[in-house]
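To start, the structure under review is shown below, and the notes come after it.
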Amino acid sequence: MESFKVIIVEDVPLELKGTEGILRHDIPEAVIIGTADSEAAYRKLMKKELPDLVLLDLGLGGSTTIGVELCRQTKEMYPAIKVLIFTGEILNEKLWVDVLDAGCDGIILKSGEMLTRNDVASVMVGKRMVFNQPILEKIVSRFKTLVGNSLLKQEALVDYEIDEYDERFLRHLALGYTKEQITNLRGMPFGVKSLEKRQNELVQKLFPNGNGGAGINATRLVVRAIELRIIDIDNLVPDEE
């Protein structure tokens, strides 16, 4: 790896010292040309000399949005500069999404294996989406859950003989649509009476053993469909009307 210039953006002195130590001991090719503990200090450094890599902590002065905006503005103004997030925000998943949308080249969480030479080398050769083990474990866990839920849905559609119209009907009931509104959806060739019949058929399919003697209304039917993964509560999107 050839030598490259780095600016470290970190407002906690002890963590800054630790980051500097990692670079100097493990990544001697990294030439630290400046450190910044605030947005103003960072902008001042950038006017003085542009780095090849910005090692950016997201929490500056108690605000996480500043770090996201610094990332976004840096990538917009200087696309060639690599921005690697090095953050202690280990639980704020929404923040990770925001900074990925802002164009960062990777995210390293300050836990587990921390910052490694391989992580930095990957970013410097142009690799995108560089993550360390702690965040990879979370990403893989979410991916496995997503795939598992998708498989459960496919199995439920087959096991309970749910067709496209059943799924659309249940999904729009979950969104609060009335049967009258559902009949107005594009490509939904049913009147209210037909939907009422379809609802009764769905009750028979999803509650083959009844409901303990209690009645089954549209709300209970929708809850059952969610339990069986027939409709995805995280992806309740209406069709065009």
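The values are calculated or read from the model by the stated rules, or taken from the named source; none is laboratory data. Everything quoted here is computed from the prediction, not taken from an experiment. As a convention, Cβ positions derive from the backbone with ideal geometry for all residues, glycine included, and neighbour counts pool all protein chains shown. The protein model used for the area step is the full one, side chains on, heavy atoms only, and it has no ligands, DNA or RNA in it. Shrake-Rupley method; radii C 1.70, N 1.55, O 1.52, S 1.80 Å.
Summed over qualifying helices (DSSP H, 4 residues or more, each -39500 (n - 2.57)) and divided by its residue number, the chain shows a 222 nm mean residue ellipticity of -16000 deg cm²/dmol. Region 164-211 to region 50-102: how many Å between their Cα centroids? One Cα centre to the other: 46 Å. Rounded to 0.05, the FRET efficiency of the M77 and A121 pair, given R0 = 30 Å and the Cβ-Cβ distance, is 0.75. Largest first, the residues D166, D26, D11 sort by 1.4 Å accessible area into D26, D11, D166. Across the chain, the relative contact order, built from alpha-carbon pairs under 8 Å that are at least six residues apart, equals 13 percent.
Within the same chain, lysines fewer than 8 places from K205 are excluded, and of the rest, those with a Cα less than 23 Å from its Cα are K153, K179, K193, K197. By the rule of a C-alpha distance below 14 Å, with chain neighbours fewer than 8 residues away ignored, the aspartates and glutamates paired with K47 are E39. For region 25-103, the equivalent ellipsoid built from the Cα gyration tensor has semi-axes of 20, 15, 13 Å, listed from largest to smallest.
Give me the number: length gained by fully extending L236 to D26, i.e. 0.36 nm times residue separation minus the C-alpha to C-alpha distance, one decimal in nm. Extra length from L236 to D26 when fully extended: 70.8 nm.
In loop segments of region 135-196 as defined by DSSP, the trypsin sites (Lys or Arg not before Pro) with at most 16 further C-beta atoms inside 10 Å of their C-beta are R186.
Dipole magnitude for region 104-147: computed about the Cα centre from +1 point charges on Lys and Arg Cβ and -1 point charges on Asp and Glu Cβ, it is near 120 debye. Here the simple spin-label model places points 7 Å from the Cα toward Cβ, and for Y160 and S194 these points are separated by 2.2 nm. Note on the chain: Rg/Rh from C-alpha atoms, Kirkwood Rh, equals 1.20. Full extension of the chain segment joining T145 with E180 gains 9.1 nm, where the gain is 0.36 nm per residue of separation less the Cα-Cα distance.
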